[in-house]
Amino acid sequence: MLAVAVLAAGKGTRMKSDLPKVLQPLAGATLVERVLASCRHLDPARQILIVGHQAERVEASLAAIDGLEFVLQQPQKGTGHAVQQLLPALEGFSGELLVLNGDVPLLRPETLEQLLAQHRSSGAAVTLLTARLADPTGYGRVVADAEGRVSAIIEHRDCSEEQRRNPLINAGIYCFDWPRLAAVLPLLTTDNDQGELYLTDTVAMLSPAMHLEVADADEINGINDRLQLAQCEAVLQERLRRHWMAQGVSFSDPTSCTLSEGSRFGRNVQVEPQCHFRGASTIGDGCRIGPGCLIENSTLESGVEVLYSVLRDSSVAQGCVVGPFAQLRAGARLEAGCRVGNFVEVKNSTLAEGVKANHLSYLGDADLGANVNVGAGTITANFDGLRKHRTVIGAGSKTGANSVLVAPITLGARVTVAAGSTLTHNVPDGALAFGRARQVVKEGWKPSA
Ligand code: UD1
Ligand code: CA
């Protein structure tokens with residue numbers, strides 16, 4: 001039987017942030033969400049998060065996860081002290097305890113599986129993950145023999161010069177036999193540079209203690225500061241891009257683009273430089289995106305082209321062309337074959353098939369019928385100072401340049417709005433509507449010299 005405990009009570013002093021460290025985001029998910037996700041497939045009987053610093057905030061961020069237990073560590077006196085807090089919660093539990101550091105977010109699920117398998121087959125009291133690093137600065141060093149038996153872990157700050165040259169580091173991921181760990185936890189002391197209770201000290205008290213060295217040292221990157229956060233983001237982004245390239249997405253300048261875990265791509269998608277995909281976005285087959293786009297929580301059907309534009313919480317159907325310099329905001333819905341051009345903003349509006357809004361417009365809270373042609377500079381005046389109102393434009397209508405449609409207003413089908421009009425009343429099907437002063441010409445106005 002397996003229990004998992006994630007250490008997430010620390011403050012993360014070295015981040016110099018108001019946000020608890022484990023809530024820092026990485027490619028759209030927090031560190032602690034990533035750590036919890038890395039062990040989900042092991043189907044643990046118990047899943048416990050040890051919280052302390054800003055505990056309520058950390059708990060609230062994870063409220064949606066079923067069956068997650070929280071144990072409070074107050075004050076935070078080290079990783080060993082954190083695990084001591086489990087003694088009441090795990091009383092009588094006789095299985096393995098997998099301990100994960102809340103700030104080691106790149107672990108692959110397969111690596112944890114391997115750790116557990118080796119731990120079970122060897123019968124060790126503890127098995128920990130290690131890596132050999134070119135620059136092991138900051139990590140605990142693992143003293144081990146050629147058979148993989150560990151005799152001690154010494155924290156970087158407690159190491160001698162010579163011990164610091166040892167490249168084998170502790171990843172902060174351990175599989176313990178819980179009853180044996182529980183027996184030695186009360187024996188920990190604060191005899192170290194930080195005056196804390198170190199979980200790592202239990203390893204010297206447990207026998208046999210074994211280690212499993214990971215092949216890809218990137219997996220066990222721990223995050224203590226913003227530099228390491230950025231390095232982990234780079235590793236994740238590289239993993240995501242490689243994954244999608246293997247699925248048939250082309251990036252002309254991969255490292256200039258960022259993806260989120262929730263982004264999905266069809267086949268033959270071409271992504272030009274400087275494109276960023278966030279949240280849950282789906283990009284259909286054959287889309288051409290970029291250069292210079294931000295696409296967040298949006299769905300693009302096949303064959304859409306987007307150039308230098310920002311799309312958020314929007315949906316774009318087959319064959320639409322968006323940009324350059326367009327903004328689709330929450331609730332923008334473009335049906336097939338629409339064209340939204342430069343300096344056009346669309347919010348909470350539906351554009352039926354074949355609508356063209358090519359230049360300098362604001363379409364907010366509007367419903368446009370099929371093939372409406374929106375003249376340059378057309379504005380839906382949707383806000384009366386208190387409330388938002390809708391604009392409805394029937395199929396085949398055409399607004400002239402610089403039209404202001406004051407909502408609530410309904411234009412019928414095949415309406416023509418004269419350029420420069422401000423309309424405040426509904427217009428029936430097939431009509432021409434003017435809403436502007438007639439041109440007046442006064443001849444001889446300027447006396448000739
Ligand atoms: C720890 C290990 C070190 C290892 C490194 C790997 C110890 C003593 N050292 O060092 O050997 O190489 O991780 O990344 O364990 N936490 C609590 N309560 C506390 C203190 C910390 O829950 O009282 C949590 C933190 O929130 C964090 C994790 O434990 O998620 C690790 O703590 P941190 O202070 O970052 O340990 P390191 O110095 O990185
Ligand atoms: Ca750490």
Checklist entry - So which residues in the range 40-72 are crowded, with 19+ Cβ neighbours inside 10 Å, among the β-branched types (Val, Ile, Thr) and either within 16 Å of ligand 2 (Cβ to nearest atom) or under 20 Å from Pro105 (Cβ atoms) (or both)? => result Ile48, Ile50, Val51, Val58
Next on the checklist: Any residue at all in the range 16-23 that's in contact (Cβ under 8 Å) with a residue 24 or more places away in the chain and either more than 30 Å from Ser281 (Cβ to Cβ) or surrounded by fewer than 13 Cβ atoms within 10 Å (Cβ to Cβ) (or both)?
Outcome noted: yes
Checklist entry - Which one of these is assigned to a helix (DSSP H, G or I), more than 16 Å from ligand 2 (Cβ to nearest atom) and surrounded by 14 or more Cβ atoms within 10 Å (Cβ to Cβ): Ala82, Ala37? => result Ala37
Checklist entry - Being within 33 Å of the chain's Cα centre (by Cα), within 16 Å of ligand 2 (Cβ to nearest atom) and free of Cβ contacts under 8 Å to residues at least 60 places away in the same chain, is that true of even one residue in the range 167-174? => result yes
Checklist entry - Are any of the residues in the range 118-134 in a helix (DSSP H, G or I) and either buried (at least 20 other Cβ atoms within 10 Å of the Cβ) or at pLDDT below 95 (or both)? => result yes
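Matching residues to (1) in contact with a helix residue (DSSP H, G or I) (Cβ under 7 Å, 6 or more places away or on another chain); (2) within 19 Å of Gly138 (Cα to Cα); (3) among the hydroxyl-bearing types (Ser, Thr, Tyr); (4) crowded, with 21+ Cβ neighbours inside 10 Å:
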{"residue": "Cys175", "(1), (2), (3), (4)": "yes, no, no, yes"}
{"residue": "Leu181", "(1), (2), (3), (4)": "yes, no, no, yes"}
{"residue": "Val184", "(1), (2), (3), (4)": "yes, no, no, no"}
{"residue": "Asp201", "(1), (2), (3), (4)": "yes, yes, no, yes"}
{"residue": "Met205", "(1), (2), (3), (4)": "yes, no, no, no"}
{"residue": "Pro208", "(1), (2), (3), (4)": "no, no, no, no"}
{"residue": "Asp218", "(1), (2), (3), (4)": "yes, yes, no, no"}
{"residue": "Arg226", "(1), (2), (3), (4)": "yes, yes, no, no"}
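Residues are listed down the side, and each one gets a yes or a no for (1) in contact (Cβ under 8 Å) with a residue 60 or more places away in the chain; (2) of a type in the set (Gly, Ala, Ser); (3) in a loop (DSSP other than H, G, I, E, B):
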site	(1), (2), (3)
Glu353	no, no, yes
Leu360	no, no, no
Ala370	no, yes, yes
Gly420	no, yes, yes
His425	no, no, yes
Arg438	no, no, yes
Checklist outcome for this item: Exactly one of Leu129, Leu100, Leu87 is within 11 Å of ligand 1 (Cβ to nearest atom) and within 17 Å of Ile50 (Cβ to Cβ), and that residue is Leu100
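The values are calculated or read from the model by the stated rules, or taken from the named source; none is laboratory data. Being a predicted model, the structure only gives us computed values, none of them experimental. No Cβ is skipped: glycine too gets one built from the backbone with ideal geometry, and neighbour counts run over all protein chains shown.
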